[in-house]
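Here's the structure we're looking at; comments come further down.
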């Protein structure tokens, strides 16, 4: 029997689903946002984590999209599928702005979400794009 996902993975999955809906429908009203959470039935800590990610991604979406577009090879950002695009947005946001999550964990989590929500090629594509982005980032320094 598979182990249930942890709070952060559940939050990431909820954030990706929310971003997917946001991409399809544009701005989301308070009523629509509440309906999303009613359907999702996430525990409070999962919802809080997801909402933190969602707010950050939406606040930095232009920067995130530019980073993604900058590493795509023979492919335009506009052609990305909605699932792929939002998994990448989520992971790139974490790579850039959630310093408490190690980069390999961010990439692995994105691959796991890609397995759950994407097709067979999504995880390979997501892994390649995130690997290229991670290589452009400065080394992580540890305090000490």
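The values are calculated or read from the model by the stated rules, or taken from the named source; none is laboratory data. The structure presented is a predicted model; accordingly, all values stated were derived computationally and were not measured. When we count neighbours, we look across all protein chains shown, and the Cβ atoms used for this are built from the backbone with ideal geometry, even at glycine.
Among the numbered criteria (1) over 18 Å from residue 20 (Cβ atoms); (2) in contact (Cβ under 8 Å) with a residue 24 or more places away in the chain, which one does residue 129 miss?
Residue 129 satisfies all of (1) over 18 Å from residue 20 (Cβ atoms); (2) in contact (Cβ under 8 Å) with a residue 24 or more places away in the chain except (1).
Could you tell me which of the residues 131, 119, 100 is in a helix (DSSP H, G or I) and either surrounded by fewer than 18 Cβ atoms within 10 Å (Cβ to Cβ) or out of contact with any helix residue (DSSP H, G or I) (no Cβ under 7 Å at 6 or more places or on another chain) (or both)?
131
If you go through region 27-48 one residue at a time, do you hit one that is touching a residue at least 60 places away in the same chain (Cβ under 8 Å) and farther than 16 Å from residue 110 by Cβ?
No - not one qualifying residue is present in region 27-48.
Are there helices (runs of 4 or more DSSP H) fully within region 1-85 with at least 3 residues that are at pLDDT 90 or above and touching a helix residue (DSSP H, G or I) at 6+ places or on another chain (Cβ under 8 Å)? List them.
The qualifying helices (runs of 4 or more DSSP H) are 7-25, 44-59, 61-71.
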